[in-house]
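Nothing in this text is a laboratory measurement; each read-out follows from the coordinates by a stated rule. Everything quoted here is computed from the prediction, not taken from an experiment. Cβ: placed from backbone, ideal geometry, glycine included. Neighbour counts: every protein chain shown.
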Amino acid sequence: MTPEQEDAANKAANKAAKAAAPSVDLTRVHAMFAKAMASGHKRPVYRAAGLALSLAPPSGRNAGSIYVKDDETGDYLGKVTEDLRFNPLRTAPEWAAEALSRIARDPSTAAVEYGRETGRCSCCGRELTNPESIALGIGPICKDRWGF
C-alpha cells in the first residue's frame, strides 16, 4: 500500500468512526461546569462512574469540548465535542461510552453514587469526612458551587 493509499484509508476509517460515535447529550453537565466556573473554579473537574470530565481550554482548538479521562489511571479516553458526540480513542474501553451516558442521564445522581462508592467528593476529589457529606456523597461547598 502506498503512503497516499494508507493516508486515504486512515481518513476513511476516522470518518467512519466519527459517524459511529455515540451522541451524548451533556447539556446538564455543561450547565454544571458553567455554574462551577461562575463560582470561581478555574479548572473544574467532575468525577463519576469511573470517569473524570474536564473542560477543554477556551482558547485551544478543542474549545467547547469536554475531555474524558479514566478517573483511576488518568488516561485520556476521548472527548465530547460541541456537537455532543463522544469521540473515543480507538483504545478506549467500551465501558467509557456507557459510563458517559449514565452521567448524561443524571449527573447529580452519578456524583452522589461516586461519593458514596469512593468516599471522595466528585467535584474536588477530597475525602468526605463530615457525616452529612458522606451521606450526601458530595461536600457542601461543592454542592453549592456546582449547583446540585
Dividing the mean separation of Cα pairs under 8 Å (6+ apart) by the residue count of the chain yields a relative contact order in percent of 22 percent
Length gain on complete extension for the stretch Gln5 to Ala135, per 0.36 nm per residue less the alpha carbon to alpha carbon distance? 41.0 nm
Between Arg126 and Glu94, what length comes free when the chain is fully extended (0.36 nm per residue of separation minus the Cα-Cα distance, one decimal in nm)? 8.7 nm
At 7 Å along Cα-to-Cβ for each site, give me the label-to-label distance between Thr109 and Glu82 in nm. 3.1 nm
Summing -39500 (n - 2.57) over every DSSP H run of at least 4 in the chain, dividing by its residue total and rounding to the nearest 500, the 222 nm mean residue ellipticity is -13500 deg cm²/dmol
